[in-house]
1. Mind jotting down the distance between the C-alpha centroids of segment 308-369 and segment 204-234, whole Å?
2. So which GluC sites (Glu not before Pro) in segment 273-357 pass both tests, a DSSP loop state and at most 13 other Cβ atoms within 10 Å of the Cβ?
3. Among P175, N215, P188, flag the residue with its Cα farthest along the positive direction of the charge dipole of segment 162-239, charges on Cβ as +1 for Lys/Arg and -1 for Asp/Glu.
4. What percentage of the solvent-accessible surface of segment 297-514, computed with a 1.4 Å probe over protein heavy atoms, is contributed by carbon and sulfur atoms?
5. Would you please name the trypsin sites (Lys or Arg not before Pro) within segment 226-257 that are DSSP coil residues with at most 16 other C-beta atoms within 10 Å of their C-beta?
6. Would you please name the trypsin sites (Lys or Arg not before Pro) within segment 444-510 that are DSSP coil residues with at most 11 other C-beta atoms within 10 Å of their C-beta?
7. Calculate the spin-label point distance for E381 paired with K490, positioning each point 7 Å from the Cα along the beta-carbon direction, and give it in nanometres.
8. So between R328 and N145, what do we pick up on full extension, going 0.36 nm a residue minus the alpha carbon distance?
Amino acid sequence: MKRHWRNWSHDDEGEGLPDSDSDTRSSRRFSLTRLMAIFLFSLFLFSLIFLLPHPPIQSASTAKTLHQFKQTQQGNVADSVELHKDKLLGGLIADGFDEQSCLSRYHSVTYSKGLSGNPSSYLISRLRKYEALHKECGPYTESYNKTVKDLRSGHVNRVLLVDPGVDMVDLFCEPLPHVSWFLPPDFPLNSQFPSFDQKSDQCYGKMLKNKSATNSVVPSFVYLHLAHDYDDQDKLFFCDDDQAFLQKVPWLVVRTDNYFAPSLFLMPSFEKQLSDLFPNKETVFHFLGRYLFHPTNKVWGLVSRYYQAYLADVDERVGIQIRVFDTRTGPFQHVLDQILACTLKENLLPDVNQKGDIVNSPGKPKSKAVLMTSLSYGYFEKVRDMFWEHPTVTGEVVGIYQPSHEGYQQTEKKMHNQKAWAEIYLLSLMDMLVTSSWSTFGYVAQGLGGLKPWILYKPENGTAPDPPCQRAMSMEPCFHAPPFYDCKAKRGTDTGALVPHVRHCEDMSWGLKLVDSNSWQ
């Protein structure tokens, strides 16, 4: 049982996760980036396929949850069981948590946000198996204590531990029952973490350069640098031969800000397991994101109050997430033009009648709520005024809402982070979604919501692109910094053209994303 993971944010990182607009005062170092789903998710997926024994474990409790409703014949009892099954997302989430300690875990279904598709029985059984393993080997258990004591003994501890940072406990509920996944503050290597980089002797990439990574001498721990600036040697993490060596290392310390799941699907040794876990490849982030990331009660309060006040009683909900990569102070007219061009062209919003005061429509008009997220207030004002000052040509009633307009990223500020996470979750509750290119804020919202958004193309030279947007081919996030290397042939290759279910991203031509392979046959 011995696998440890840790991650940090970067002072020079190009995008902080909750940054939905740019400003010259913006801080490029934001604590939420080291906590959020994009990379913790990748590590957890890696844990499922790398750390557990391969034979599937059939969970009796899972089978009961999945089949109990079919066996129940009485009305009231059947309704109760069906509700219970929905709360557990078809068995994806484990039963037995204290519901009051994390209301969002079981209450998301009250907003009609079940899963997009059904998780495989193999995925559910692996999650239950990992939960049992984590309960046995998590922080301060007998196994953990022995492992820490014998850190250099080579004893094998196979659980995922996460650095809580300064605000993770304020943002996310614990995802695993009965034991924490947070790294204990007295872990022996804690003091060394800040000094780890690509020049460290423990860095796997440097070990490969120095030819010190040999089967005859297995180190007690290895530092894996999987951040966006990693080099060719670091990227050999995604080769089967290197995985064979890393499997022997007792502890792995990981620094990453990448969603690297697509490259795991290119590794032959993981192919069978990943296919069994996710028959539909584009549900990877959606299923594990809904399993792992539940807002704390404080954040859930922000989500539920806003949803009930402005978004609940409408016929249709549209989310628009605005992220601008520009050092100048916005808002920008070309960005507004692009948003309106996209939403009107794709019939996400109705056009307005510039000359009329009233559009008569028989019966009760259709209502539509538009949730906009941006650090700037200007885009919201313009769109709101447009639908206030003019009637829609369809007679629809359109309400425009923006929860916050913080102006600029505010590093390490708790409420700022909580608002960002709440807005991501609110976007995931929409029926349709428009997102900005290159934005992890949008990626997480679409993944949690199981949505295929319309992606706004990245503007160039201060002009609105034409066409303004395109529909995403899947609800999966984009891996921004993938390797382009054929491990078997030991040469460069286009990793976006090897298998039908790993393709180049719509918003970043060199990035990789998972898609439903059936749609590419």
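1. Distance between centres, Cα-based: 50 Å.
2. Answer by residue number: there is no such site.
3. N215
4. For segment 297-514, the apolar C and S fraction of the accessible surface comes to 50 percent.
5. Answer in residue order: K248.
6. Sites meeting the loop and neighbour criteria: K488, K490.
7. Label-label distance for K490 and E381, simple model: 6.2 nm.
8. Here the answer is 60.7 nm.
The values are calculated or read from the model by the stated rules, or taken from the named source; none is laboratory data. Everything quoted here is computed from the prediction, not taken from an experiment. A quick note on method: Cβ atoms are made from the backbone with ideal geometry, for glycine too, and the neighbour counts reach across all protein chains shown. To get the accessible areas, we keep the full protein, side chains included, count just its heavy atoms, and leave off ligands, DNA and RNA. Shrake-Rupley method; radii C 1.70, N 1.55, O 1.52, S 1.80 Å.
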